[in-house]
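Encoded as structure tokens, the structure appears first; notes follow it.
The values are calculated or read from the model by the stated rules, or taken from the named source; none is laboratory data. Fair warning: this is a prediction, and the values are worked out from it, not measured in the lab. Here Cβ is always computed from backbone atoms with ideal geometry, including for glycine, and neighbour counts include all displayed protein chains. Side chains included, ligands, DNA and RNA excluded: accessible areas come from the protein's heavy atoms. Shrake-Rupley method; radii C 1.70, N 1.55, O 1.52, S 1.80 Å.
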Amino acid sequence: MDVQQQHRKINMVVNGSGSGMVRAQCTRANGGTKWYQSTIEASHGSNSHYDCENNTTYDHALAGYGIDL
């Protein structure tokens, strides 16, 4: 599994067996945060990602991330 954070985006690639999905904690300009779950399940070389920058309200920063296996 390879996890990369790029600016306000989190990306996970599953290199071997198994599968997973990423979660992103996005922030708004006033400091509020909200968790979002990717709808893409990664397995066998595919990726799962979430980009806070494309979120219209919580688009200020990526505060944290998680991986559901």
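Descriptive notes on the structure:
- Remark: the chain carries 59 Å² of accessible area per residue (probe radius 1.4 Å; ligands, DNA and RNA excluded).
- Relative contact order computed over the chain (Cα-Cα under 8 Å; 6+ residues apart), in percent: 38 percent
- Accessible-area composition of the chain, carbon plus sulfur, in percent [1.4 Å probe]: 43 percent
- In order along the stretch 33-40, the phi-based Karplus estimate (6.51 cos²θ - 1.76 cosθ + 1.60, θ = phi - 60°) of 3J(HN,Hα) comes to 10, 8, 8, 10, 9, 5, 8, 9 Hz; Gly and Pro are listed as x.
- Prolate/oblate/rounded call for the chain, Cα gyration tensor, a/c under 1.5 rounded: prolate
- Per-residue Karplus couplings for the stretch 8-17, computed as 6.51 cos²θ - 1.76 cosθ + 1.60 with θ equal to phi - 60°, are listed in order as 10, 10, 10, 9, 10, 10, 8, 8, x, 7 Hz, Gly and Pro entered as x.
- Ranking Q37, T57, I10 by Cα position along the charge dipole of the chain, where only Lys, Arg, Asp and Glu carry charges on their C-beta atoms, puts T57 farthest toward the positive end.
- For A61, the residues 5 or more places off, or on other chains, whose built amide H falls under 5 Å of its own are T27.
- The stretch 46-62 - phi-based ³J(HN,Hα) in whole Hz, Karplus 6.51/-1.76/1.60, Gly and Pro as x: 8, 10, 10, 8, 9, 10, 5, 4, 8, 8, 6, 9, 9, 10, 7, 6, 9
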